[in-house]
1. For Phe109, what residues show an amide H to amide H distance below 5 Å, using hydrogens built from the backbone and excluding near sequence neighbours?
2. Listing Ser128, Ser139, Ser45 from the residue with the fewest other Cβ atoms within 10 Å to the one with the most, what is the order?
3. Sorted from fewest to most neighbouring beta carbons within 10 Å, what does the list Lys91, Lys120 look like?
4. Taking the number of other C-beta atoms within 10 Å as the exposure measure, put Trp95, Trp108, Trp70 in order starting with the fewest.
Amino acid sequence: MVLPYTPCGASERGISDRSERNGRQDVREIAKVARKATAKPVLLSGGNPQIAKGDGDAPVQAYIAAMPGWKRDVGRQLDTLIVRTVPGVRKAVKWNSPFYGVEDQGGWFLAFHCFTKYVKVTFFRGRSLRPLPPGESKSQDTRYLDIYEDDQLDEAQTRRLGEARQPIARRTNVSGGRRQLS
């Protein structure tokens, strides 16, 4: 009688040749994922870092660390200012951009994104800020601020970042529809 081939000791351990091969493939997949996790982030067009989406401070700090050149300093300054100004701020990376919000106040109030020559700060409720951020949007409430390399972040001017988190309830009517802001 001829027995089917099994690797040395495999039949004794109850492991078939096929499952050993699958085990090696699993180890290779784990190693591949680990290499990707420790690899330097890819910069997309315009120099925006490609960071996996995630909630919390860690993915936001990974995004900031991956920002190229002078933009990294801008990212650090923005993050520090937001954390100092907005108690209990919630952070996440979505769509390769860091987002900031307050849990009980209706979601995200600010995000930023790297472009070739500037960092674009998005104020999701920017229409309620005074003075208005200069960049207009197709969305009625959203406004933008573009920060270029030679621009100085004036802390007094950027304190309005915290004002961007005003509760939505103060700006909606009873039926939940948006009220026109003046």
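1. The list, which skips near neighbours in sequence, is Tyr100, Gly101, Val102.
2. Ascending number of Cβ neighbours within 10 Å: Ser45, Ser139, Ser128.
3. Lys120, Lys91
4. Trp95, Trp70, Trp108
Read-outs: derived from the displayed coordinates by stated rules, not from any lab. Quick caveat: nothing in here was measured; it's all calculated off a predicted structure. For neighbour counting, all protein chains shown are included, and Cβ atoms are generated from backbone atoms with ideal geometry for every residue, glycine included.
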